[in-house]
Structure formats: structure tokens, C-alpha cells
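Novice: Here it is, the structure in full.
No lab work stands behind these numbers, since they all come straight from the coordinates. The structure presented is a predicted model; accordingly, all values stated were derived computationally and were not measured. Backbone-built Cβ (ideal geometry, glycine too); neighbour counts: all protein chains shown.
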Amino acid sequence: MTPSYTVGGIRVRFSLLFPAMLALLCSNQQGAMTARCLLAAVMHECGHLLMLLLLGSKPREIRFSAFGMCLQLADSPLSQGKHLLVALGGPLVNLLTAGLLWLLHGNADWMAIHLLLGGFNLLPIYPLDGGQCLPEGRGRTLVSAIFLAILSLLSLVLTVYGNISLSVVCLYLWFHQGKG
């Protein structure tokens with residue numbers, strides 16, 4: 001059973017793998033970079049949450065898992081336009097933060113993290129934000145599969161050079177392809 005709390009009428013659940021993933025991420029030699037990546041991811045997810053709240057809705061549940069945070073909406077579905085705005089809220093926060101850092105001549109690594117996170121999440125691969133912006137149906141499934149195949153090939157190249165992180169993300173995305 002996963003621990004769960006209620007905050008402001010919203011249930012917040014933590015997967016048992018969530019603290020394990022945090023411990024794994026924080027155990028590497030690049031602690032400052034990892035902290036920046038985690039903060040950028042939190043800002044991204046808060047962008048989704050903020051957009052949802054600005055549109056007059058709130059999630060029924062927020063789940064923290066080994067792969068991040070997931071907002072589960074209340075039973076009343078959002079209109080297609082509102083769903084699009086919520087999906088774009090996370091990448092928008094990252095891209096605006098990167099733009100602000102560029103204007104202020106901020107830290108280049110910090111700016112790159114936000115650009116990569118925002119841009120990656122805009123890829124038309126379901127369940128990423130860009131994939132959620134595509135209309136449901138076979139078209140979305142086909143576009144997602146094509147882009148994910150290309151990303152998977154890139155991940156294999158990076159794996160040869162010792163970086164398996166994109167391969168892990170691709171496995172997660174392949175697993176979730178049929179759940180859209």
C-alpha cells in the first residue's frame with residue numbers, strides 16, 4: 001500500500017519507488033546538476049498544476065512515482081482546449097524560465113536543462129505533453145510510434161557511449177504507448 005495524504009482536498013500519493021529513485025539520483029557525483037534537473041522537473045509539473053488551477057479545475061490526485069509526478073483529474077473531463085492548455089503548461093514554464101535566464105545572462109547549464117526538458121516534453125510522443133496535444137486515435141498512435149522509434153535509435157547510440165538514461169525513458173514510453 002502506498003502512503004497517501006490529503007492536501008486541500010487533493011489526495012497526494014507516493015509510490016514506494018519514488019524515494020528509491022530520489023536516492024539513486026542524488027547518489028551520483030554530480031549533485032548540483034542533479035538538483036537543478038529535479039528542480040526543473042518540479043517547476044515543469046507545477047506549470048501543469050498552475051494551469052489546471054487557473055482554468056478552475058483541480059486534480060483529484062497527485063501521484064509521485066519513480067518517473068515523476070502525475071496529475072489525475074477529477075471525474076469531469078476537461079474540454080479539448082483546456083486539456084491542451086494544461087498539457088502545454090509544463091513546457092511553457094521550462095521555456096519561459098530558459099528565456100528569462102538567457103535575458104539575464106544566467107547559468108548556461110540551468111538554461112540548457114530547462115530548454116531540454118521543455119523541448120523533450122513537446123515531442124509528439126504519447127504520454128509526453130506534445131503527444132497529449134495530438135487528437136486521440138490511430139493518427140496519434142502512428143505519430144507517437146514513429147517519433148519514439150527515432151528516439152529509441154538515438155538512445156541506442158547514447159547507450160554505446162555509456163549513457164543509458166534515454167534508453168530507460170524510451171522503455172517507459174514504449175510501455176505506455178497503448179494506454180492513450
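Novice: Hey, got the Cα dimensions of region 37-180 along the principal axes, in Å, largest first?
Specialist: 46, 43, 25
Novice: Here is a further query. Going through the DSSP H helices of the chain, which span 27 Å or more along their own axis at the Cα atoms while scoring at least -1.0 as a mean Kyte-Doolittle hydropathy? Intermediate values should be presented prior to the final figure.
Specialist: Working: long enough: 31-54 (34 Å, 1.37); 80-103 (33 Å, 1.14); 138-160 (33 Å, 1.80).
Those that clear 27 Å and a mean of -1.0 are 31-54, 80-103, 138-160.
Novice: When DSSP assigns beta bridges and you keep just the ones with both residues in the chain, what percent turn out antiparallel, to the nearest 5?
Specialist: Numbers: 10 of 14 bridges.
Antiparallel: roughly 70 percent of the beta bridges in the chain.
Novice: Dividing the alpha-carbon radius of gyration of region 1-122 by 2.2 N^0.38 Å (N being the number of residues), what value is obtained?
Specialist: Rounded to two decimals, the normalised Rg is 1.14.
Novice: Starting with the highest mean, order 109-117, 32-40 by the number of other Cβ atoms within 10 Å, averaged over the residues of each peptide.
Specialist: Final packing ranking: 109-117, 32-40.
Novice: Treat each spin label as a single point 7 Å out from the Cα along the C-beta direction, and report the T34 to Q72 distance in nm.
Specialist: 2.9 nm
Novice: Moving on to the next point. Running a GNM on the chain with Cα contacts under 10 Å, which residue among G139, G162, G47 ends up with the highest mean-square fluctuation?
Specialist: Sorting by GNM fluctuation, first place goes to G162.
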